[in-house]
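The values are calculated or read from the model by the stated rules, or taken from the named source; none is laboratory data. These numbers were taken from a predicted model, which means no experiment stands behind them. Ideal geometry is used to build each Cβ from the backbone, glycine not excepted, and the neighbour counts take in all protein chains shown. SASA here: full protein model, heavy atoms, side chains in, ligands and nucleic acids out. Shrake-Rupley method; radii C 1.70, N 1.55, O 1.52, S 1.80 Å.
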Amino acid sequence: MGKYECAVCGYIYDEAQGIPEAGIAPGTQWEDLPKDWVCPLCGAAKSEFVKHGEAAVSIQRMPPTVAGAHTDMEEMSSAQIGALCTNLARGCEKQYKPEEAALFTELAGYFKTVSTPASAGADSPGFDKLLGLIEKDLAEGWPSANAAAIDANDRGALRALVWSKKVTLILKSLLTRYQKEGDAILENTGVYVCTICGFIFIGDAPPALCPVCKVQDWKFEKIEGGS
Amino acid sequence: MSKKYAVRNIRLCTKDCLCLYVCPSGATDTENSIIDVATCIGCGDCADACPSGAISMVPEVYPPQQVKTETVIGALKALMQSKAEQETIAAGLPGKLAAAVEKSNHIMAEDIIREAGFMLPQSDNTKAFLQSLVENKQPEGFPKEVVEKLIKIFNKNEEEKTMSENKTLDNLMDAFAGESQANRKYLAYAKKAEKDGKVNAAKLFKAASDAETIHALKHFEVAGKVATTADNLKDAVAGETHEYKEMYPDFVKVANEEGNKAALMSFSYAMQAEEVHARLYQEALENLDQTEEVFYYLCPVCGNIEKYRPEKCSICGAPGKMFIKY
């Protein structure tokens with residue numbers, strides 16, 4: 001009997017125990033769990049689980065590379081500058097500087113309007129393109145950035161990388177499910193986003209603690225409308 | 001350590017109001033629940049007293065940010081760029097999930113850029129970023145005035161920081177003056193105690209007088225007032241000249257009018273001696289590189305200084321044998 005661990009939230013599925021309250025009898029093998037089974041804690045797909053005890057939790061390494069990186073401000077896109085501005089607004093809010101926070105928010109608002117995406121036509125790359133970028137980042141972006149952060153002994157960078165990678169795994173799970181099942185996965189349920197790390201939760205109410213960054217549930221924001 | 005002030009997290013505040021009871025300045029007692037920064041003296045009593053942990057002390061000046069390596073910055077920016085792109089793509093897609101993905105990517109982009117050197121809004125990186133926004137050509141509709149306002153606020157904070165540093169400089173010079181006076185005062189008291197035969201008191205006054213000299217010299221040095229010897233000589237000439245030309249003549253006149261003969265004599269001796277000092281300092285400045293040794297003779301009565309032992313003091317008439325050789 002083996003155990004399998006969720007790479008996003010650390011939940012462990014124990015084959016010996018099963019999950020009787022969810023109708024999964026003790027002794028149910030990992031392979032026998034339905035293909036569309038998801039982590040009961042965070043909603044990650046089965047593919048995001050790794051055999052417990054195997055070295056899969058260790059951080060992937062890849063030579064750090066700066067290829068394609070834009071280090072100059074002039075080369076940042078409006079969306080990037082927008083994120084930088086809202087980050088600075090948050091920094092001001094945390095320091096109880098409402099005037100500065102409001103100014104950065106206003107600036108971010110401007111960059112948001114100018115980075116409006118091309119309208120989603122019928123041939124819009126949409127979800128496929130999103131998944132493509134996610135796959136590429138998971139294969140190259142994180143391993144390379146992790147190596148850079150480890151080499152520089154940069155705990156802060158590593159923290160942001162661990163969180164964003166876990167959140168990206170969730171995005172991957174959700175987008176993959178959405179492609180197969182469509183709007184059905186959102187029927188009669190809420191969609192919540194953790195305002196600290198970006199974790200997305202689909203369910204009636206957000207978890208008491210965010211599975212990724214461990215912030216309390218009131219920091220989640222419910223996504224309204226948008227149908 | 002930088003000066004701090006109190007801030008209240010309204011979400012945590014349980015209105016126990018202990019902060020109002022302990023606040024010595026009334027800064028915590030406001031109708032909008034925001035602690036008045038201008039009134040707060042930074043004592044921290046409210047934060048200590050608050051039972052719900054709603055008050056924190058935050059610094060006026062934040063420490064410099066952790067230095068990031070170019071490689072880390074490059075790798076993070078590459079990821080952040082992808083997140084921003086995903087945010088933009090998701091913004092063009094319909095449905096709640098797309099809206100959530102858009103938001104999620106934005107939050108990740110924020111967090112990643114934060115770790116790439118943009119933690120503090122008042123950092124040099126932020127200032128350089130704001131500056132680049134104003135300097136680069138921007139499309140019409142760009143809210144330049146917003147960026148300029150931010151630059152102005154951050155520059156103003158810098159000025160205030162410099163001002164508070166100037167305040168310390170003033171304090172150092174005040175302390176220097178106070179300690180210098182205390183040194184002479186205790187010396188006078190020591191002389192009196194010696195005369196009265198109070199040996200122990202005299203000893204303590206002397207030791208304390210020396211202690212004040214130590215303090216005074218340190219304050220003066222920390223204030224950055226000790227320059228090169230040439231500059232110090234120039235400063236000495238200026239100081240002595242001011243005293244004999246402007247300060248003492250007035251003092252002499254008033255003492256004369258008021259008929260205070262002792263003061264008149266004390267001022268007049270000092271005035272004449274300072275003129276000599278100014279001249280000697282000027283000479284020393286002109287001959288700063290002279291290697292031949294010069295001797296100075298000090299009159300212990302009036303403070304006159306001569307370059308030879310005189311028959312008697314040219315200012316007060318004290319006999320030359322009393323002069324102290326340097």
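Mean shadow of the stretch B:146-196, computed from the convex hull of its alpha carbons, in nm²? Show your work: numbers first, answer last.
Details: hull surface 12.9 nm².
Here the figure is 3.2 nm², rounded to one decimal.
What percentage of the solvent-accessible surface of the stretch B:228-326, computed with a 1.4 Å probe over protein heavy atoms, is contributed by carbon and sulfur atoms?
Working: 3420 of 6560 Å².
So the carbon and sulfur contribution to the accessible surface is 52 percent.
Run the reach check for B:LYS203 against lysines, Cα to Cα strictly under 22 Å, same-chain hits fewer than 8 apart removed. What comes back?
List returned: B:LYS185, B:LYS191, B:LYS192, B:LYS195.
Roughly how many Å is it from the Cα centre of the stretch B:178-237 to that of the stretch B:278-326, as a whole number?
Answer, in whole Å: 22.
At a Förster distance of 56 Å, what's the computed FRET efficiency of B:ALA177 paired with A:ALA16, Cβ-Cβ distance as r, to 0.05?
Working: r = 82 Å, r/R0 = 1.46.
The pair B:ALA177/A:ALA16 has a calculated efficiency of 0.10.
Per the Debye formula with a single identical scatterer at each Cα and no solvent contribution, what log10 I(q)/I(0) holds for chain A at q = 0.10 Å⁻¹?
The computed values of log10 I(q)/I(0) come out as -0.58.
Please compute the Kirkwood hydrodynamic radius of the stretch B:220-326 from all pairs of different C-alpha atoms, in Å with one decimal. Display every interim value, and only then the final one.
On the way: mean 1/r = 0.0656 Å⁻¹.
One over the average 1/r among Cα pairs gives 15.3 Å for the stretch B:220-326.
Give the lysines reachable from B:LYS225 as a straight Cα distance under 18 Å; neighbours fewer than 8 places away on the same chain don't count.
B:LYS225 reaches B:LYS167, B:LYS234.
Could you pull out the trypsin sites (Lys or Arg not before Pro) across the stretch B:196-247 that fall in loop regions by DSSP (anything but H, G, I, E, B) with no more than 16 other Cβ atoms inside 10 Å? Could you put the intermediate results ahead of the total?
Numbers: sites: B:LYS198, B:LYS203, B:LYS206, B:LYS218, B:LYS225, B:LYS234, B:LYS245; in loops: B:LYS198, B:LYS225.
Within the stretch B:196-247, the qualifying trypsin sites (Lys or Arg not before Pro) (loop, at most 16 other Cβ atoms within 10 Å) are B:LYS198, B:LYS225.
Suppose every K and R has +1 on its Cβ and every D and E has -1 on its Cβ; what is the size of the dipole of the stretch B:172-326 about the Cα centre, in Debye to the nearest 20?
Values: 20 positive and 24 negative charges, 188 e Å.
Result for the stretch B:172-326 is approximately 900 debye, rounded to the nearest 20.
Considering only B:ALA236, B:ALA273, B:ALA84, whose Cα is most displaced toward the positive end of the charge dipole of the protein assembly as shown, charges sitting on Cβ of Lys, Arg (+1) and Asp, Glu (-1)?
Going by the charge dipole, the pick is B:ALA273.
When averaged across all projection directions, what area in nm² does the alpha-carbon convex hull of the stretch B:193-246 cover?
Working: hull surface 23.1 nm².
Over every viewing direction, the Cα hull of the stretch B:193-246 projects on average to 5.8 nm².
Translational diffusion coefficient, Stokes-Einstein: compute it for the stretch B:1-81 using the Kirkwood radius over C-alpha pairs as Rh, at 25 °C and 0.890 mPa s, and state it as an integer in µm² s⁻¹.
So the translational diffusion coefficient is about 167 µm²/s.
Once both labels are modelled 7 Å past Cα along the beta-carbon direction, what's the B:LEU217-A:TRP218 spacing in nm?
The answer from the label model is 6.1 nm.
Return the long-range amide H neighbours of B:TYR5 (sequence gap of 5 or more, or a different chain), with a cut-off of under 5 Å between placed amide H atoms.
Residues meeting the amide H criterion: B:VAL58, B:GLU60.
Can you run phi through the Karplus equation (6.51, -1.76, 1.60; θ = phi - 60°) for the stretch B:199-212 and list ³J(HN,Hα) in whole Hz, with x for Gly and Pro?
Here the 3J(HN,Hα) series is 4, 5, 4, 4, 4, 4, 4, 5, 4, 5, 4, 5, 4, 5 Hz.
Using only Cα positions of the stretch B:162-301, each an equal point scatterer, no hydration layer, compute I(q)/I(0) via Debye at q = 0.08, 0.12, 0.15, 0.22 Å⁻¹ and quote the log10 values to two decimals.
-0.32, -0.74, -1.10, -1.23
With charges only on Cβ, +1 for K and R and -1 for D and E, what is the dipole size of the stretch A:168-227 about its Cα centre, in debye, rounded to 20? Kindly include the intermediate steps, with their values, before the conclusion.
Numbers: 6 positive and 7 negative charges, 62 e Å.
The calculated dipole for the stretch A:168-227 is roughly 300 debye.
Among A:ILE170, A:GLY156, A:GLN216, which residue has its Cα positioned farthest towards the positive end of the charge dipole of the stretch A:151-227, with +1 placed on the Cβ of Lys and Arg, -1 on the Cβ of Asp and Glu, and the dipole taken about the Cα centre?
The one lying farthest along the dipole's positive direction is A:GLY156.
Cα centroids of the stretch A:87-103 and the stretch B:88-146: how far apart, whole angstrom?
14
Could you provide, to the nearest whole Å², the per residue accessible area of the protein assembly as shown with probe 1.4 Å?
Working: 30390 Å² over 553 residues.
Accessible area per residue, the protein assembly as shown: 55 Å².
Taking loop as defined by DSSP and a crowding limit of 14 other beta carbons within 10 Å, which GluC sites (Glu not before Pro) in the stretch B:130-200 fit? Can you show the working numbers first?
Working: sites: B:GLU135, B:GLU140, B:GLU145, B:GLU148, B:GLU158, B:GLU159, B:GLU160, B:GLU165, B:GLU179, B:GLU194; in loops: B:GLU140.
Sparse-neighbourhood loop GluC sites (Glu not before Pro): B:GLU140.
Return the equivalent ellipsoid semi-axes of the protein assembly as shown as a descending list in whole Å, where each equals the square root of 5 times an eigenvalue of the C-alpha gyration tensor.
Square roots of five times the eigenvalues give 75, 27, 24 Å.
Can you give me the angle between helix A:155-181 and the longest principal axis of chain A, using Cα atoms only, in degrees from 0 to 90, rounded to the nearest 10?
Roughly 60 degrees, rounded to the nearest 10.
Give the share of C-alpha pairs in each 10 angstrom bin for chain B, from 0 to the last occupied bin, in whole percents, shortest bins first.
It works out to 5, 12, 18, 17, 13, 12, 11, 7, 4, 1, 0, in whole percents.
In whole Hz and in residue order, list the ³J(HN,Hα) couplings for the stretch A:81-88 that follow from phi through the Karplus curve 6.51 cos²θ - 1.76 cosθ + 1.60, θ = phi - 60°; x for Gly and Pro.
4, x, 5, 4, 5, 5, 4, 5
Using +1 on the beta carbon of Lys and Arg, -1 on that of Asp and Glu, and nothing else charged, what's the dipole of the stretch A:79-184 about the Cα centre, debye to 20? The partial results should precede the final answer.
On the way: 13 positive and 13 negative charges, 65 e Å.
Computed charge dipole of the stretch A:79-184: roughly 320 debye.
Filter A:LYS35/B:LYS83; A:LYS214/B:LYS103; A:LYS112/B:LYS152 down to the pairs with a C-alpha to C-alpha distance above 26 Å, please. Before the final figure, lay out each step's value.
Numbers: A:LYS35/B:LYS83 29 Å; A:LYS214/B:LYS103 18 Å; A:LYS112/B:LYS152 24 Å.
With Cα atoms farther than 26 Å apart: A:LYS35/B:LYS83.
Please list, or write none, the aspartates and glutamates whose alpha carbon is within less than 14 Å of the alpha carbon of A:LYS136, excluding same-chain residues fewer than 8 places away.
Filter leaves A:ASP128, B:GLU85.
Sort out for me the Cα centre separation of the stretch A:171-227 from the stretch B:4-27, rounded to whole Å.
With the stretch A:171-227 and the stretch B:4-27 each reduced to a Cα centre, they are spaced 36 Å.
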